[in-house]
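Here's the structure we're looking at; comments come further down.
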Amino acid sequence: MEPTTPAAIDPPANVLLVHSRHDEPDACEALCHDDGGTAHLTVTFDDEVPAYPDEETVDRKLGLLTVGNVLTDDSAESVPDFTEPVVSDTVTDPTDLSEIGVAVSRFCKHWAENDEEITVCFDSLDALLRHASPKDVFQFTHVLTNRLSSVDAYAHCHFDPNRHEDRVVSTFGTIFDSVVVADDADDSLPEATDDEVASLLAEWEDESAVDLTPDPDSVTEATDEEIAQMLGK
């Protein structure tokens, strides 16, 4: 897939944002805000709870999902209150792909039921790859993008290509509607031949009971329970 720019993408869409991990690229800001969505979810991997914004300055519903060994109080274990303008949630185990998928799906469900226009920033796939195999993360990403498509979200996932084989990066690119390469990265997506991508997909499919072939014509809305089942929970 040839890289494009945020301005050239027609939302809703799932976008792979390729860049090195030095700084947050300008393309992230464009993908988060250019569509003017009414509800925005940020998924981050960290050792601390992210800064909680002043609710009076928030101009749309905001979701904060933090994954990892976060510092939380007892209230963090309660069900998120989606009536609030800022909603926070945590998944303490970054290896639990099923729970991460269910948590994202929970935001999708509540916001879609209230006709919100959803944008998502998932930062990042390479963080997931530090905790799970490429095959498992690919499977998770395939299920996740289908879920986001089902609610017409404008979503992007960050991906640092520097620590991965070209064929791994190219294979992840097949899941997404568009690929954006940020200014701090090379001006092209790492290239692998069609045969190399097909070979890697075949290896992963042989190891999984889930159909890993992206098919935009077969997107359906999945329940939290179905997502957990698809991710092997």
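What the phi angles of segment 83-93 give under the Karplus curve with 6.51, -1.76 and 1.60, with θ = phi - 60°, is a coupling list of 7, 7, x, 10, 10, 10, 8, 9, 10, 6, 9 Hz, glycine and proline written as x. Would you mind counting up the charge near residue 170? Only other residues with Cβ under 11 Å from its Cβ, with Lys and Arg at +1 and Asp and Glu at -1. Net charge in that neighbourhood comes out at -4. Taking the Cβ-Cβ separation of residue 86 and residue 162 as r and a Förster radius of 45 Å, what is the calculated FRET efficiency to the nearest 0.05? It comes out at approximately 0.85. For residue 45, nonlocal amide neighbours, meaning residues 5 or more places apart or on other chains whose placed amide H falls under 5 Å from its own, are 67, 124. Across segment 5-17, computed HN-Hα scalar couplings (Karplus, 6.51 cos²θ - 1.76 cosθ + 1.60, θ = phi - 60°) run 10, x, 5, 8, 8, 9, x, x, 6, 9, 10, 9, 9 Hz from first to last residue, x flagging Gly and Pro. Full extension of the segment from residue 20 to residue 131, taken as 0.36 nm per residue of separation minus the current Cα-Cα distance, would add 38.1 nm.
Bear in mind these aren't lab numbers, they're just calculated from the coordinates by the rules spelled out. Predicted model only: the values in this text are computed from it and were never measured. Because the Cβ atoms are built from the backbone with ideal geometry, glycine has one as well, and the counts that use them run over all protein chains shown.
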